[in-house]
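A.B. asks: This is the structure I want to talk about, given as C-alpha coordinates.
The values are calculated or read from the model by the stated rules, or taken from the named source; none is laboratory data. Because the structure is predicted, anything quoted here is derived from the model rather than measured. With ideal geometry, Cβ positions are generated from the backbone for all residues, glycine too; neighbour counts draw on all protein chains shown.
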Amino acid sequence: MVGWGECDRISDLSQVLFMSHTPTWQCIHTLTGHSNSVLSVAITPDGQTLASGCSDKTIKLWNLSTGQELYTLAGHSGSITSVAISPDGKILASGSRDKTIKLWNLSTREEIYSLTGHSDYITSVAISPDRKTLASASDDTTIKLWDLRTGKEIRTLKWQVKVYYGFSLVFSPDGHTLISSSGDDAVSLNAVAWNLTTGEEIWAKSWKQGMDCVFSIAASPEGETFATFYPPNIMLWNIKTGEKIYTLTQNPNSSNCLAFSPDGKILASGGIDSESLEDGKEDGIIELWNLDTREKICTLTGHSWGVYSVAFSPDGQTLVSGSEDKTIKIWRLSS
(Lines give C-alpha, C1' and ligand atoms only; values in the text may rest on other atoms or scores of the structure.)
Protein backbone atom coordinates (compact mmCIF):
# COMPACT_ATOMS: atom_id res chain seq x y z
CA MET A 1 0.00 0.00 0.00
CA VAL A 2 1.27 3.47 -0.82
CA GLY A 3 0.15 6.45 1.30
CA TRP A 4 0.44 10.10 0.37
CA GLY A 5 1.33 13.16 2.38
CA GLU A 6 -1.63 15.46 2.59
CA CYS A 7 -0.49 19.10 2.78
CA ASP A 8 -2.76 21.77 4.18
CA ARG A 9 -4.79 23.82 1.74
CA ILE A 10 -3.52 27.31 1.03
CA SER A 11 -6.17 29.87 0.25
CA ASP A 12 -3.99 32.61 -1.19
CA LEU A 13 -3.55 32.12 -4.96
CA SER A 14 0.00 33.44 -4.98
CA GLN A 15 0.92 30.93 -2.30
CA VAL A 16 -0.69 28.16 -4.32
CA LEU A 17 1.39 29.07 -7.35
CA PHE A 18 4.52 29.14 -5.22
CA MET A 19 3.74 25.86 -3.51
CA SER A 20 3.05 24.16 -6.84
CA HIS A 21 6.80 24.21 -7.39
CA THR A 22 7.57 23.11 -3.84
CA PRO A 23 8.68 19.50 -3.32
CA THR A 24 6.18 17.23 -1.57
CA TRP A 25 6.52 14.10 0.56
CA GLN A 26 5.00 10.82 -0.53
CA CYS A 27 4.98 7.33 0.94
CA ILE A 28 6.96 5.01 -1.33
CA HIS A 29 7.03 1.89 0.87
CA THR A 30 4.97 0.45 3.70
CA LEU A 31 7.01 -2.22 5.45
CA THR A 32 5.27 -5.17 7.07
CA GLY A 33 7.08 -7.90 8.94
CA HIS A 34 6.86 -6.96 12.60
CA SER A 35 4.04 -8.50 14.62
CA ASN A 36 3.61 -5.67 17.13
CA SER A 37 4.16 -1.94 17.66
CA VAL A 38 7.29 -0.43 16.07
CA LEU A 39 8.69 1.73 18.86
CA SER A 40 11.99 2.98 17.44
CA VAL A 41 13.68 3.50 14.07
CA ALA A 42 17.20 4.56 13.09
CA ILE A 43 19.05 4.97 9.79
CA THR A 44 22.72 4.20 9.16
CA PRO A 45 25.02 7.16 8.32
CA ASP A 46 25.43 5.95 4.73
CA GLY A 47 21.66 6.11 4.27
CA GLN A 48 21.42 2.53 3.05
CA THR A 49 20.00 0.61 6.00
CA LEU A 50 17.04 1.13 8.31
CA ALA A 51 16.86 -0.49 11.74
CA SER A 52 13.55 -0.93 13.56
CA GLY A 53 12.92 -1.97 17.15
CA CYS A 54 9.60 -3.58 17.99
CA SER A 55 7.42 -4.81 20.83
CA ASP A 56 7.68 -8.27 19.23
CA LYS A 57 11.17 -8.44 20.85
CA THR A 58 13.06 -8.23 17.55
CA ILE A 59 15.11 -5.70 15.61
CA LYS A 60 14.81 -5.79 11.85
CA LEU A 61 17.23 -4.41 9.27
CA TRP A 62 15.82 -3.14 5.97
CA ASN A 63 17.15 -1.78 2.70
CA LEU A 64 16.08 1.86 2.83
CA SER A 65 15.87 2.27 -0.94
CA THR A 66 13.87 -0.84 -1.79
CA GLY A 67 12.13 -1.57 1.51
CA GLN A 68 13.42 -5.15 1.40
CA GLU A 69 13.84 -6.90 4.76
CA LEU A 70 17.47 -7.89 5.18
CA TYR A 71 17.85 -9.53 8.59
CA THR A 72 16.27 -10.01 12.00
CA LEU A 73 18.30 -9.54 15.18
CA ALA A 74 16.90 -11.64 18.03
CA GLY A 75 18.09 -12.05 21.60
CA HIS A 76 16.06 -9.73 23.79
CA SER A 77 13.34 -11.27 25.96
CA GLY A 78 11.27 -8.08 26.07
CA SER A 79 10.00 -5.32 23.81
CA ILE A 80 12.65 -3.23 22.04
CA THR A 81 11.99 0.32 23.20
CA SER A 82 14.94 2.14 21.60
CA VAL A 83 17.60 1.63 18.92
CA ALA A 84 20.61 3.82 18.08
CA ILE A 85 23.36 3.50 15.47
CA SER A 86 26.94 4.67 15.99
CA PRO A 87 28.22 7.56 13.81
CA ASP A 88 30.51 5.20 11.90
CA GLY A 89 27.61 2.85 11.16
CA LYS A 90 29.33 -0.17 12.68
CA ILE A 91 27.39 -0.68 15.91
CA LEU A 92 23.71 -0.78 16.78
CA ALA A 93 22.57 -0.38 20.39
CA SER A 94 19.17 -1.65 21.52
CA GLY A 95 17.35 -1.03 24.79
CA SER A 96 14.61 -3.33 25.99
CA ARG A 97 11.94 -3.95 28.57
CA ASP A 98 14.03 -6.95 29.62
CA LYS A 99 16.20 -4.37 31.49
CA THR A 100 19.23 -4.93 29.26
CA ILE A 101 21.06 -3.07 26.50
CA LYS A 102 22.60 -5.06 23.68
CA LEU A 103 25.33 -3.99 21.26
CA TRP A 104 25.28 -5.49 17.77
CA ASN A 105 27.91 -5.61 15.03
CA LEU A 106 26.08 -4.43 11.92
CA SER A 107 28.61 -6.02 9.57
CA THR A 108 28.42 -9.52 11.04
CA ARG A 109 24.93 -9.02 12.53
CA GLU A 110 26.11 -10.67 15.71
CA GLU A 111 25.67 -9.58 19.32
CA ILE A 112 28.84 -8.02 20.74
CA TYR A 113 27.77 -7.94 24.38
CA SER A 114 24.82 -7.34 26.68
CA LEU A 115 24.84 -4.67 29.39
CA THR A 116 23.10 -5.18 32.71
CA GLY A 117 22.82 -2.81 35.65
CA HIS A 118 19.45 -1.16 35.36
CA SER A 119 16.72 -2.55 37.62
CA ASP A 120 13.79 -1.68 35.36
CA TYR A 121 13.09 -1.50 31.64
CA ILE A 122 15.18 0.67 29.33
CA THR A 123 13.37 3.69 27.88
CA SER A 124 16.09 5.19 25.67
CA VAL A 125 19.62 4.60 24.38
CA ALA A 126 21.94 7.06 22.62
CA ILE A 127 25.50 6.92 21.27
CA SER A 128 27.82 9.93 21.50
CA PRO A 129 29.11 11.59 18.29
CA ASP A 130 32.68 10.46 19.05
CA ARG A 131 31.46 6.83 19.35
CA LYS A 132 33.04 6.47 22.79
CA THR A 133 30.02 6.62 25.08
CA LEU A 134 26.66 4.93 25.27
CA ALA A 135 23.94 6.50 27.41
CA SER A 136 20.88 4.63 28.69
CA ALA A 137 17.79 5.79 30.55
CA SER A 138 15.60 3.45 32.53
CA ASP A 139 12.29 3.40 34.31
CA ASP A 140 14.35 2.77 37.44
CA THR A 141 14.87 6.60 37.26
CA THR A 142 18.60 6.36 36.50
CA ILE A 143 20.75 7.34 33.54
CA LYS A 144 23.92 5.35 33.00
CA LEU A 145 26.96 6.08 30.87
CA TRP A 146 28.91 3.16 29.41
CA ASP A 147 32.24 2.79 27.63
CA LEU A 148 31.10 1.69 24.19
CA ARG A 149 34.36 -0.13 23.47
CA THR A 150 34.55 -2.22 26.64
CA GLY A 151 30.94 -2.26 27.81
CA LYS A 152 31.98 -1.12 31.28
CA GLU A 153 29.82 1.31 33.21
CA ILE A 154 31.41 4.75 33.54
CA ARG A 155 28.97 6.38 35.95
CA THR A 156 25.35 6.78 36.97
CA LEU A 157 24.02 10.32 36.68
CA LYS A 158 22.38 11.67 39.84
CA TRP A 159 19.21 13.75 39.68
CA GLN A 160 18.84 16.76 41.97
CA VAL A 161 15.09 16.11 42.23
CA LYS A 162 13.19 12.92 42.89
CA VAL A 163 12.41 11.36 39.52
CA TYR A 164 9.76 8.74 39.01
CA TYR A 165 10.33 7.89 35.37
CA GLY A 166 12.57 8.69 32.42
CA PHE A 167 11.79 9.07 28.74
CA SER A 168 14.25 10.32 26.14
CA LEU A 169 17.99 10.91 25.78
CA VAL A 170 19.91 12.85 23.16
CA PHE A 171 23.55 13.95 22.84
CA SER A 172 24.42 17.45 21.74
CA PRO A 173 26.19 17.43 18.34
CA ASP A 174 29.54 18.35 19.96
CA GLY A 175 29.23 15.36 22.29
CA HIS A 176 29.88 17.40 25.44
CA THR A 177 26.32 17.43 26.74
CA LEU A 178 23.60 14.86 27.29
CA ILE A 179 20.01 16.10 27.45
CA SER A 180 17.33 14.01 29.12
CA SER A 181 13.60 14.38 29.63
CA SER A 182 11.74 12.96 32.60
CA GLY A 183 8.92 13.37 35.07
CA ASP A 184 9.40 13.75 38.79
CA ASP A 185 6.53 14.04 41.27
CA ALA A 186 3.76 13.90 38.63
CA VAL A 187 3.31 17.67 38.76
CA SER A 188 6.70 18.81 37.46
CA LEU A 189 8.22 18.11 34.04
CA ASN A 190 11.94 18.15 33.52
CA ALA A 191 14.58 18.51 30.88
CA VAL A 192 18.11 18.27 32.22
CA ALA A 193 21.48 18.89 30.56
CA TRP A 194 24.42 16.90 31.89
CA ASN A 195 28.15 17.59 31.60
CA LEU A 196 29.58 14.31 30.30
CA THR A 197 33.04 15.00 31.70
CA THR A 198 31.94 15.60 35.29
CA GLY A 199 28.53 13.93 35.34
CA GLU A 200 27.02 17.06 36.90
CA GLU A 201 23.87 18.91 35.90
CA ILE A 202 24.48 21.99 33.75
CA TRP A 203 20.87 23.16 33.99
CA ALA A 204 17.44 21.73 34.74
CA LYS A 205 14.03 22.93 33.65
CA SER A 206 10.70 22.16 35.27
CA TRP A 207 7.17 22.96 34.18
CA LYS A 208 4.06 22.74 36.35
CA GLN A 209 1.54 21.19 34.01
CA GLY A 210 -0.57 18.81 36.06
CA MET A 211 -0.15 15.18 35.13
CA ASP A 212 1.48 15.65 31.73
CA CYS A 213 4.98 14.52 30.81
CA VAL A 214 7.83 15.45 28.49
CA PHE A 215 7.24 12.67 25.98
CA SER A 216 9.84 13.47 23.37
CA ILE A 217 13.05 15.39 22.84
CA ALA A 218 15.41 16.01 19.90
CA ALA A 219 18.60 18.03 19.35
CA SER A 220 19.21 20.18 16.28
CA PRO A 221 22.29 19.24 14.23
CA GLU A 222 23.58 22.83 14.36
CA GLY A 223 24.14 22.34 18.09
CA GLU A 224 22.33 25.40 19.38
CA THR A 225 18.77 24.20 20.03
CA PHE A 226 16.71 21.25 21.13
CA ALA A 227 12.99 20.57 20.91
CA THR A 228 10.58 19.11 23.44
CA PHE A 229 6.97 18.04 23.39
CA TYR A 230 4.72 18.09 26.40
CA PRO A 231 1.01 18.45 25.78
CA PRO A 232 0.06 20.55 23.96
CA ASN A 233 3.32 22.40 23.23
CA ILE A 234 6.23 21.79 20.90
CA MET A 235 8.95 24.16 22.13
CA LEU A 236 12.50 25.08 21.13
CA TRP A 237 15.21 25.67 23.75
CA ASN A 238 18.83 26.78 23.93
CA ILE A 239 21.04 23.74 24.53
CA LYS A 240 23.71 25.64 26.47
CA THR A 241 21.46 27.62 28.79
CA GLY A 242 18.17 25.77 28.85
CA GLU A 243 16.32 28.99 28.09
CA LYS A 244 13.20 28.85 25.95
CA ILE A 245 13.60 30.31 22.46
CA TYR A 246 10.01 30.00 21.28
CA THR A 247 6.89 27.84 21.22
CA LEU A 248 6.57 26.32 17.79
CA THR A 249 2.96 25.25 18.22
CA GLN A 250 0.27 24.61 20.77
CA ASN A 251 -0.74 21.49 18.95
CA PRO A 252 -3.92 19.51 19.67
CA ASN A 253 -2.26 16.41 18.20
CA SER A 254 -0.09 14.29 20.47
CA SER A 255 3.60 14.00 19.63
CA ASN A 256 5.25 10.76 20.69
CA CYS A 257 8.46 11.53 18.81
CA LEU A 258 10.48 14.36 17.28
CA ALA A 259 13.30 14.49 14.70
CA PHE A 260 15.27 17.31 13.08
CA SER A 261 16.22 17.18 9.42
CA PRO A 262 20.01 17.03 8.83
CA ASP A 263 20.15 20.73 7.88
CA GLY A 264 18.17 21.66 10.99
CA LYS A 265 15.49 23.50 9.00
CA ILE A 266 12.62 21.02 9.45
CA LEU A 267 11.22 19.39 12.57
CA ALA A 268 9.13 16.24 12.21
CA SER A 269 6.66 15.33 14.94
CA GLY A 270 4.90 11.99 15.03
CA GLY A 271 1.91 11.04 17.14
CA ILE A 272 -1.86 10.68 17.12
CA ASP A 273 -4.38 12.76 15.17
CA SER A 274 -6.63 14.50 17.71
CA GLU A 275 -9.56 14.57 15.28
CA SER A 276 -9.50 10.78 14.96
CA LEU A 277 -9.86 10.48 18.74
CA GLU A 278 -13.26 12.13 18.47
CA ASP A 279 -14.31 9.23 16.25
CA GLY A 280 -12.97 6.67 18.69
CA LYS A 281 -9.85 5.96 16.63
CA GLU A 282 -6.13 6.69 17.09
CA ASP A 283 -4.90 7.43 13.58
CA GLY A 284 -1.20 8.09 13.25
CA ILE A 285 -0.02 11.47 12.04
CA ILE A 286 3.28 13.10 11.11
CA GLU A 287 3.61 16.87 10.87
CA LEU A 288 6.55 18.68 9.30
CA TRP A 289 7.40 22.17 10.56
CA ASN A 290 9.48 24.89 8.89
CA LEU A 291 11.72 26.24 11.65
CA ASP A 292 12.55 29.42 9.72
CA THR A 293 8.92 30.48 9.30
CA ARG A 294 7.64 28.49 12.33
CA GLU A 295 4.77 27.24 10.20
CA LYS A 296 3.55 23.76 9.36
CA ILE A 297 4.73 22.52 5.97
CA CYS A 298 2.46 19.52 5.62
CA THR A 299 0.77 16.61 7.33
CA LEU A 300 1.51 12.99 6.44
CA THR A 301 -1.23 10.45 7.06
CA GLY A 302 -1.66 6.75 6.43
CA HIS A 303 -0.79 5.01 9.69
CA SER A 304 -3.90 3.50 11.29
CA TRP A 305 -2.49 3.81 14.83
CA GLY A 306 -0.17 6.23 16.59
CA VAL A 307 3.32 7.01 15.31
CA TYR A 308 6.00 6.23 17.90
CA SER A 309 9.23 6.99 16.04
CA VAL A 310 10.51 9.12 13.18
CA ALA A 311 13.96 9.51 11.61
CA PHE A 312 15.43 11.44 8.67
CA SER A 313 18.00 9.98 6.29
CA PRO A 314 21.43 11.70 6.25
CA ASP A 315 20.63 13.48 2.97
CA GLY A 316 17.28 14.72 4.29
CA GLN A 317 15.40 13.27 1.31
CA THR A 318 13.80 10.38 3.20
CA LEU A 319 11.73 10.21 6.38
CA VAL A 320 10.89 6.96 8.17
CA SER A 321 8.05 6.42 10.62
CA GLY A 322 7.29 3.49 12.93
CA SER A 323 3.81 2.91 14.28
CA GLU A 324 1.62 1.02 16.68
CA ASP A 325 -0.09 -0.37 13.57
CA LYS A 326 2.92 -2.74 13.21
CA THR A 327 4.18 -1.03 10.05
CA ILE A 328 7.01 1.24 8.99
CA LYS A 329 6.46 3.82 6.28
CA ILE A 330 9.21 5.28 4.12
CA TRP A 331 8.44 8.78 2.85
CA ARG A 332 10.45 10.32 0.03
CA LEU A 333 10.78 13.98 -0.89
CA SER A 334 9.87 14.48 -4.55
CA SER A 335 9.81 17.56 -6.76
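A.B. asks: Is region 288-297 home to any residue that is under 14 Å from Cys27 (Cα atoms), touching a strand residue (DSSP E or B) at 6+ places or on another chain (Cβ under 8 Å) and of a type in the set (S, T, N, Q)?
C.D. replies: No, the conditions are met nowhere in region 288-297.
A.B. asks: Further, regarding this structure: Report yes if some residue within region 306-320 is in contact with a helix residue (DSSP H, G or I) (Cβ under 9 Å, 6 or more places away or on another chain), small (Gly, Ala, Ser) and touching a residue at least 24 places away in the same chain (Cβ under 8 Å); otherwise report no.
C.D. replies: First, pick out the residues of region 306-320 that are in contact with a helix residue (DSSP H, G or I) (Cβ under 9 Å, 6 or more places away or on another chain): none.
No, because not a single residue in region 306-320 is in contact with a helix residue (DSSP H, G or I) (Cβ under 9 Å, 6 or more places away or on another chain), small (Gly, Ala, Ser) and touching a residue at least 24 places away in the same chain (Cβ under 8 Å).
A.B. asks: For Ile101, are the conditions met, namely being surrounded by 15 or more Cβ atoms within 10 Å (Cβ to Cβ), within 15 Å of the chain's Cα centre (by Cα), at pLDDT 95 or above and β-branched (Val, Ile, Thr)? Write out each step before concluding.
C.D. replies: Numbers: surrounded by 15 or more Cβ atoms within 10 Å (Cβ to Cβ): yes; within 15 Å of the chain's Cα centre (by Cα): no; at pLDDT 95 or above: yes; β-branched (Val, Ile, Thr): yes.
Criteria not met by Ile101.
A.B. asks: From the list Gly47, Gly33, Gly117, Gly89, which one is more than 26 Å from Ser172 (Cα to Cα) and either in a loop (DSSP other than H, G, I, E, B) or in contact with a helix residue (DSSP H, G or I) (Cβ under 7 Å, 6 or more places away or on another chain) (or both)? Give the derivation first.
C.D. replies: Details: Gly47 fails: more than 26 Å from Ser172 (Cα to Cα); Gly117 fails: more than 26 Å from Ser172 (Cα to Cα); Gly89 fails: more than 26 Å from Ser172 (Cα to Cα).
The unique qualifying residue is Gly33.
A.B. asks: For residues that are surrounded by 20 or more Cβ atoms within 10 Å (Cβ to Cβ), more than 16 Å from Asn36 (Cα to Cα) and small (Gly, Ala, Ser), tally how many sit in region 52-85.
C.D. replies: 1
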